[in-house]
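The values are calculated or read from the model by the stated rules, or taken from the named source; none is laboratory data. Predicted model, so just to flag it, every value in this text is computed and none were measured. Cβ coordinates were reconstructed from backbone atoms using ideal geometry, including for glycine residues, and neighbour counts include every protein chain displayed. In case anyone asks, the SASA skips ligands and DNA or RNA and just uses the protein heavy atoms, side chains included. Shrake-Rupley method; radii C 1.70, N 1.55, O 1.52, S 1.80 Å.
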Amino acid sequence: MLNIVLFGPPGAGKGTQSQKLIARYNLVHLSTGDLLRSQITQGTELGLRAKKLMDEGLLVPDEVVIGMIESQLANNTTAAGFIFDGFPRTVPQAQSLDALTQRYDTGVSCMIALEVDEEELVKRLLDRGKTSGRPDDQNEEKIRKRVTVYNTETAQVAGYYAAQQKFHALNGIGVIDDIFGQICRIIDQHQPAAAVAGSPAAATDEVKA
């Protein structure tokens with residue numbers, strides 16, 4: 001099973017790249033942000049609790065996020081693999097994810113981090129806020145707070161995966177297809193050659209340099 005942690009601050013382009021990776025590798029996309037927003041839309045108790053925290057630019061408690069992830073793994077046991085988008089955000093979450101995936105006889109294949117400077121992130125998110133309707137994309141102060149949370153807490157996860165020789169950093173500014181090509185080359189290093197050759201898109205989707 002191919003399990004990818006796609007990492008980066010808000011606005012780094014994880015969502016865009018995730019959709020391309022899903023098509024190429026037939027993976028299940030697990031975005032904790034999407035899962036939480038679904039709960040918010042449904043008006044569940046979890047959703048209301050999460051909304052208050054997200055509107056303040058804060059992280060949702062680990063036990064809530066882990067529970068949602070485990071539910072998705074249990075419901076997709078025959079999947080080719082998963083993209084973990086926006087998770088794990090802390091070292092304890094990364095440790096919990098290792099323990100959780102081991103229970104399903106799998107593990108994290110690699111972690112890929114998209115690196116983008118703060119001013120570019122602020123610009124991207126404010127632009128996105130014009131159409132997304134998300135309040136946390138429309139307030140520069142909240143955006144910078146989210147980036148600060150990422151830099152002070154989430155970025156520590158890079159060291160955790162680096163110790164396992166699974167961490168890879170890429171420049172998240174540039175042509176989308178070029179960034180995608182770099183991501184694919186990293187992923188292909190972390191799965192058997194037979195799996196790469198047998199990929200549904202391997203024969204038809206040329207990776208750009």
### Message
Here are labelled values, [x] 123; [y] 108; [z] 184, and one is the computed volume of the Cα convex hull per residue in Å³ for what I pasted. Which one?
### Response
[x]
## Note on the structure
From the Cα centre of segment 158-193 to that of segment 46-77, the distance in Å is 26 Å
### Task
Give, in nm to one decimal, the length gained when the segment between Asp178 and Val91 is fully stretched (0.36 nm per residue of separation minus the Cα-Cα distance).
28.3 nm
### Query
Going down the table (Lys51/Lys166; Lys20/Lys52; Lys14/Lys123), which pairs top 24 Å between alpha carbons?
Lys51/Lys166; Lys20/Lys52
### Task
Would you compute, for the Cα atoms of segment 54-115, the largest minus smallest coordinate along each principal axis and list the three values in descending order, in whole Å?
37, 27, 18
### Query
Which loop GluC sites (Glu not before Pro) in segment 53-117, with loop taken from DSSP, have no more than 15 other Cβ atoms within 10 angstrom of their Cβ?
Glu56
### Message
Residue by residue through segment 118-127, what is 3J(HN,Hα) from phi via Karplus (6.51 cos²θ - 1.76 cosθ + 1.60, θ = phi - 60°)? Round to whole Hz and write x for glycine and proline.
### Response
4, 5, 5, 4, 4, 4, 4, 6, 5, 5
### Task
State the percentage of accessible surface on the chain attributable to carbon and sulfur atoms; use a 1.4 Å probe and exclude ligands, DNA and RNA.
51 percent
### Query
Which cross-chain or sequence-distant (5 or more) residues have an amide H under 5 Å from the amide H of Leu2, H modelled 1.01 Å from N in plane?
Gly81, Phe82
#### Entry: Amide hydrogen neighbours beyond the local backbone of Ala169, cut-off 5 Å, H modeled
Ala113
